[in-house]
Structure formats: C-alpha cells, structure tokens
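I have placed the structure first, in the form of structure tokens, so that the comments after it can refer back to it.
The values are calculated or read from the model by the stated rules, or taken from the named source; none is laboratory data. Here the structure is a predicted model, which means the values were calculated and not measured. For neighbour counting, all protein chains shown are included, and Cβ atoms are generated from backbone atoms with ideal geometry for every residue, glycine included. Side chains included, ligands, DNA and RNA excluded: accessible areas come from the protein's heavy atoms. Shrake-Rupley method; radii C 1.70, N 1.55, O 1.52, S 1.80 Å.
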Amino acid sequence: MYCAIDFGTSNSAIAVPDAADGAEAMRLVELEPGHRTMPTAVFYFVDGPELDGPPRAFGRAAVAAYVDGLDGRLMRSMKSILGSTLVDQTTDVGGGRGVKYLDIIAGYLRHLKRAAEAQAGAPIRHAVLGRPVFFVDDEPARDAQAQAALESAARAVGFDDVHFQYEPIAAAFDHERRIAQEEIVLVADIGGGTSDFSIVRVGPQRAPRLDRKDDILANHGVHIAGTDFDRRVELSSVLPAFGYGALGPSINGAPPREVPSAVYFDLATWHLINTVYSPQRVAELRQMRVFYADGAHHRRLMTVVTERLGHELAARAEQAKIAVAEGGETFIDLSHVESRLGVVLKERDAVEAIDADIERIVAAARATAAQAGLRPQQIDALYFTGGSTGLRLLAQRIAGAFPDARAVRGDRFASVAAGLALHARRLFGAPGQR
C-alpha cells in the first residue's frame, strides 16, 4: 500500500490506490465529510486528555474550534516553518504544554496517514510527498535541510519509503491526462507559501514513462504567494486602523516619528502572531502609549493583544483578499475589536499592495522559460493551479508574459495531489502498471 501527499501551506490532500476502480486507479481520500482537501491547520486545546499527544483538532475542526473561541492555540501555515530556525524549537501550545514545531508537522501528517489507512483498510508504508521547487530562495543548504526535516517527520509517523516530487511537475502530470498531443506546458503552481514554475514536455506517448527527467526542461520558483498577499493586504488595509504607519506626537517641536512597526509585522505573520501575546510583550506594548498621537490606535492594538484577536484579524484580511479577487470591493468588519469599526478594501488597493510581489512572480515565470532556453512564443500552454491563481490580476499578468500560450485552469486545490497520485502509482505500482 502506498500514498501521495500534497502537504500544502494552506490546504493538504492524500491519495491512495482505489481497487474498486481498477488496478491503475488512484483516489483522493475524503478527509472530512464531503471534502477531499483539508486546511493545513491544527488546534491545540488547553484542556483535555493526552491521547497519543496533546489534545488536538485538525483541518476545519481546528479552525472551528478557534472561531468558537475555545481555549487553545491555532497553528496554520506550518509548511513555512521548514527551512527556518524555528523547526527544532519548542513552542507553547497552552495548558503548560510545549511542542516542537517539527512535531506539529509530524502530528498533522500522522492524521492524514491514519485517515488514508482507515479508508484503504491497510497500513501505508510508502509515500510520495510534494515539495516546492524551493523551500528557501537562493539558499541551497537551507532548502536541503527543509526537505530533510519534512522527510524525518514523514518517517517518524511510519513511512519507511519516502520520495519527493516537485509540486508543479505533479500538476503537469495531471494536465497531461487531458491532452491529445505533445506540447510544452508552463505550470504555474501558486499556493499559500510559494510560487513555483516548471516547464515540462507532456503528451499521451510520454505519460506511461516512470523516468521523466528529460521531459523536465526547467524548474524555478520564489517564496512569495498567498500568505504574503494576505500579509500585505492586512498591513495596508486593516492594521492602519490600529496604528500601523501612523505618526506619534511632536516632541519639543521635532518632526513626529512613525510609531514602532515591529508588532504589526508580527500580527500579519501567522506563525509569529502568538509571540505578541506573551506577558512581557504585552507589558512593553502597554508602555508604548506615549509613542502614539492618536490614543484610539493604541487602545485598539491593546485590545487585540490582550484578547488574542490577531489570528482573527489575519483571517479577515485573507477573506477580504478572496472577496476582491475577481474585482469590486468589500467591507472588512472589525467591530469585534471596537463597536462600528471597519474598513473598505477595493480591488485596486489590494493590487497596489501586492504589485511588487506579483511582479517578482511574473519575473520568475519569465526566468523559467529563459532557463529552459525557450522564447515565450514556444510555450504551448499555461497550466494554473494553486489557490492563489484565483486572483484575477495575477493570472492575467502571467498570461500576458506568454501571449501565444493557451491558458488552462486546473483544480486549484487538488491538481497537485492528483498528479502526485499518478507519480506514486508509476513509482510504487506493480511492474505491469509502469
């Protein structure tokens, strides 16, 4: 028995062989009722029995526990920890418990594995895991450490045989199933943590081959994607109401200075939000009232840190980004912090906030073609996958760099998992299947 795992920054999926549909079929496991993908989220409860680790909820149940205001800690975007110094550090998850960040990842992988084994009816020891082209930009040593850390987490939960495949190449395999003739495809896999590009030669005659190295013409990527967009949107639209970018009072006739910004960058970064809740940090922030000319800004900030509303602010910024992805505007309700508080986000404001990020992503797409020795006109198709490709302007800007290529949209959340499943079947399946 084997599986394929798409461990994503925002959402994850796992696929297993499907005997009911024939020896060569793979299927995505229903991880939650009606859902083949699950948010990459873990909620640690302060209270509860220790059953194979601290009491936890995963996926939508984790997000629901947080939204319902249960006492505990929500962890999201765990994939972004790989390649950082945090991976071996221990973090407080409440109830006097400390957990290593890598163990948080391992616990989530174990949950996926058990769900798959329950539906497959057998233990699973072999796995293909997707990985971004770069966990860490321009630092090969840290990138290798990130993959090694993910592999160690996979082995810790019982996978004896672990292989990796680049996520955009997996998406190319998914696209390959639907074409009738050979072509060169540029896969744009833009998810929550990375924007990855691969140029792959695909076609019906090439699909059965296990070794596709000579079909992979180029790989490139940048560590910029959906969570960065959320961060920019929160900083530009939400956090100014709490003092970000505001000026302090003039002292002795000197020009006023901008209020210290470190707390706002932490509030806009999922895995750093909890750091602003420590008693020492709260005490420091309380003493900073003198840096604010507008007392309302400081009062709102203190409400956020004392009532632990940082994740909710980040979630509302993310929802607002999604709401304007296809155009228009949306109202961001902040009345949970202060009565009748709220801001309007327009598409042009969101685009302005992330314009530099979009340009870097488009530049990475162009660089991928150059790396393959191809002109833009030689790309036959663009295959878009990943949750962030739902942002209209981003897809349009990438398409504009390759005007002769036809744009194809895959399943934004399941294309990579489906392609990894195809690769796992070719890799681990019986010799007759290869």
Output the number of the condition that Pro204 fails; it satisfies all remaining conditions of (1) buried (at least 20 other Cβ atoms within 10 Å of the Cβ); (2) at pLDDT below 95; (3) in a loop (DSSP other than H, G, I, E, B). (1)
Of residues in segment 234-277 being farther than 14 Å from Met288 by Cβ and aromatic (Phe, Trp, Tyr), the one surrounded by the fewest Cβ atoms within 10 Å (Cβ to Cβ): Phe265
Only listed residue being aromatic (Phe, Trp, Tyr), open to solvent by 40 Å² or more (accessible area, probe 1.4 Å), touching a residue at least 40 places away in the same chain (Cβ under 8 Å) and farther than 22 Å from Ile322 by Cα, chosen from Phe58, Phe45: Phe45
Checking Asp214 against (1) part of a loop (DSSP other than H, G, I, E, B); (2) at pLDDT below 95, the condition it does not meet: (1)
State the number of residues belonging to segment 183-214 that are among the acidic types (Asp, Glu) and under 23 Å from Asp411 (Cα atoms). 3
Taking the conditions exactly as written (surrounded by 15 or more Cβ atoms within 10 Å (Cβ to Cβ), more than 18 Å from the chain's Cα centre (by Cα) and among the hydrophobic types (A, V, I, L, M, F, W, C)), does Ala417 satisfy them or not? no
Yes or no: Tyr101 at pLDDT 90 or above, open to solvent by less than 60 Å² (accessible area, probe 1.4 Å) and touching a Lys or Arg at 6+ places or on another chain (Cβ under 7 Å)? no
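Return the only residue of Glu139, Glu151 being open to solvent by 20 Å² or more (accessible area, probe 1.4 Å) and under 30 Å from Leu374 (Cα atoms). Step through it out loud before you land on a result.
On the way: Glu151 fails: under 30 Å from Leu374 (Cα atoms).
Result of the check over Glu139, Glu151: Glu139.
Every residue, every condition in (1) on the phi > 0 side of the Ramachandran plot; (2) not β-branched (Val, Ile, Thr), yes or no:
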{"residue": "Ala4", "(1), (2)": "no, yes"}
{"residue": "Asp18", "(1), (2)": "no, yes"}
{"residue": "Leu28", "(1), (2)": "no, yes"}
{"residue": "Leu31", "(1), (2)": "no, yes"}
{"residue": "Gly34", "(1), (2)": "yes, yes"}
{"residue": "Arg60", "(1), (2)": "no, yes"}
{"residue": "Ala64", "(1), (2)": "no, yes"}
{"residue": "Val67", "(1), (2)": "no, no"}
{"residue": "Leu86", "(1), (2)": "no, yes"}
Which one of Ala323, Ala317 is touching a Ser or Thr at 6+ places or on another chain (Cβ under 6 Å), of a type in the set (Gly, Ala, Ser), farther than 21 Å from Gly72 by Cα and touching a residue at least 12 places away in the same chain (Cβ under 8 Å)? Ala323
Looking only at strands (runs of 3 or more DSSP E) that lie completely in segment 61-171, which have at least 1 residues being under 25 Å from Ala418 (Cα atoms)? 72-76, 126-131, 161-166
How many residues of segment 73-84 are closer than 14 Å to Ile273 by Cβ and either touching a helix residue (DSSP H, G or I) at 6+ places or on another chain (Cβ under 6 Å) or modelled with pLDDT of 90 or more (or both)? The answer is 6
Report whether or not Met38 is more than 21 Å from the chain's Cα centre (by Cα), closer than 26 Å to Leu420 by Cβ and of a type in the set (A, V, I, L, M, F, W, C). no
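Residue-by-condition table, conditions (1) part of a strand (DSSP E or B); (2) out of contact with any strand residue (DSSP E or B) (no Cβ under 8 Å at 6 or more places or on another chain); (3) touching a residue at least 40 places away in the same chain (Cβ under 8 Å):
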position: Asp357; (1), (2), (3): no, yes, yes
position: Arg366; (1), (2), (3): no, yes, no
position: Leu382; (1), (2), (3): yes, no, yes
position: Pro403; (1), (2), (3): no, yes, no
position: Phe413; (1), (2), (3): no, no, yes
position: Ala417; (1), (2), (3): no, no, yes
Which listed residue is open to solvent by 60 Å² or more (accessible area, probe 1.4 Å) and free of Cβ contacts under 8 Å to residues at least 12 places away in the same chain, from Arg231, Arg308, Arg289: Arg289
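Scan segment 61-71 for residues that are open to solvent by less than 80 Å² (accessible area, probe 1.4 Å) and either farther than 21 Å from Phe7 by Cα or of a type in the set (Ser, Thr, Tyr) (or both) and jot them down.
Within segment 61-71, Ala65, Tyr66, Gly69 meet the criteria.
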Expected output for segment 69-88 (first residue without any contact (Cβ under 8 Å) to a residue 40 or more places away in the chain, partner of a type in the set (A, V, I, L, M), Cβ below 6 Å, 6+ apart or cross-chain) is Asp71/Val46; Gly72/Val46
Note on segment 316-353: residues closer than 12 Å to Val238 by Cα, under 18 Å from the mean Cα position of the chain (by Cα) and open to solvent by less than 20 Å² (accessible area, probe 1.4 Å) are Ala317, Ala320
Over segment 49-60, the set of residues closer than 13 Å to Ile104 by Cα and part of a loop (DSSP other than H, G, I, E, B) is Asp52, Gly53, Pro54, Pro55
Filter segment 208-228 for residues that are surrounded by 15 or more Cβ atoms within 10 Å (Cβ to Cβ) and hydrophobic (A, V, I, L, M, F, W, C) and give the result. Ile216, Leu217, Ala218, Val222, Ile224, Ala225
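Determine whether Arg125 is open to solvent by 10 Å² or more (accessible area, probe 1.4 Å), over 26 Å from Asp228 (Cβ atoms), of a type in the set (Lys, Arg) and at pLDDT below 95.
Judged against the criteria, Arg125 is not a match.
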